[in-house]
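Visitor: One structure is given below, represented as structure tokens, and several questions about it will come after.
The values are calculated or read from the model by the stated rules, or taken from the named source; none is laboratory data. All figures in this text were calculated on a predicted structure; none of them were measured in a lab. For neighbour counting, all protein chains shown are included, and Cβ atoms are generated from backbone atoms with ideal geometry for every residue, glycine included.
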Amino acid sequence: MSIEKDQSQEVKIQTNIIKFPNVKENQDLVEQRLQHAKLIQTICQKMDHEKFDQLPLLEDEVKLLSNHGETIEFPKYIAARLISVLATTINQHSFMEEYL
């Protein structure tokens, strides 16, 4: 999946799923990959926006990152912005818990 034509801007996804010849592909897996691709695209669009720090991540996007984040390689600036947004969110929630 490429968010731009430049190779350094490409999102890479690694999986350990093996395709066997002459076997029909699992339709649930195909649908899951499509859903993940859409979520990854929305994350990239948010982190590529000039006001990335004001665009909240949806619960499904955070779950995807939690469950499959180690298999996704974002471009450096997208990854850096994503780290910043996630760290800020954690910091804000920790700060709010002190007052509860």
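Visitor: Can you find a residue in the range 17-29 that is out of contact with any Lys or Arg (no Cβ under 7 Å at 6 or more places or on another chain), assigned to a helix (DSSP H, G or I) and either within 18 Å of T89 (Cβ to Cβ) or of a type in the set (V, I, T) (or both)?
Guide: No, the range 17-29 contains no residue that is out of contact with any Lys or Arg (no Cβ under 7 Å at 6 or more places or on another chain), assigned to a helix (DSSP H, G or I) and either within 18 Å of T89 (Cβ to Cβ) or of a type in the set (V, I, T) (or both).
Visitor: Counting only residues that are part of a loop (DSSP other than H, G, I, E, B) and surrounded by 13 or more Cβ atoms within 10 Å (Cβ to Cβ), which one in the range 59-100 is nearest to the chain's Cα centre (by Cα)? I'd like the intermediate steps shown before the answer.
Guide: Here is the first cut: in the range 59-100, the ones part of a loop (DSSP other than H, G, I, E, B) are 74-75, 99-100.
Retained after the next criterion (residues that are surrounded by 13 or more Cβ atoms within 10 Å (Cβ to Cβ)): 74-75.
Numbers: F74: 8, P75: 11 Å.
The residue in question is F74.
Visitor: When C44 is evaluated against the numbered criteria (1) at pLDDT below 95; (2) surrounded by 14 or more Cβ atoms within 10 Å (Cβ to Cβ), which criterion, by number, is the only one it fails?
Guide: (1)
Visitor: Which numbered condition trips up H36, out of (1) assigned to a loop (DSSP other than H, G, I, E, B); (2) free of Cβ contacts under 8 Å to residues at least 40 places away in the same chain?
Guide: Only one criterion in (1) assigned to a loop (DSSP other than H, G, I, E, B); (2) free of Cβ contacts under 8 Å to residues at least 40 places away in the same chain is unmet by H36, namely (1).
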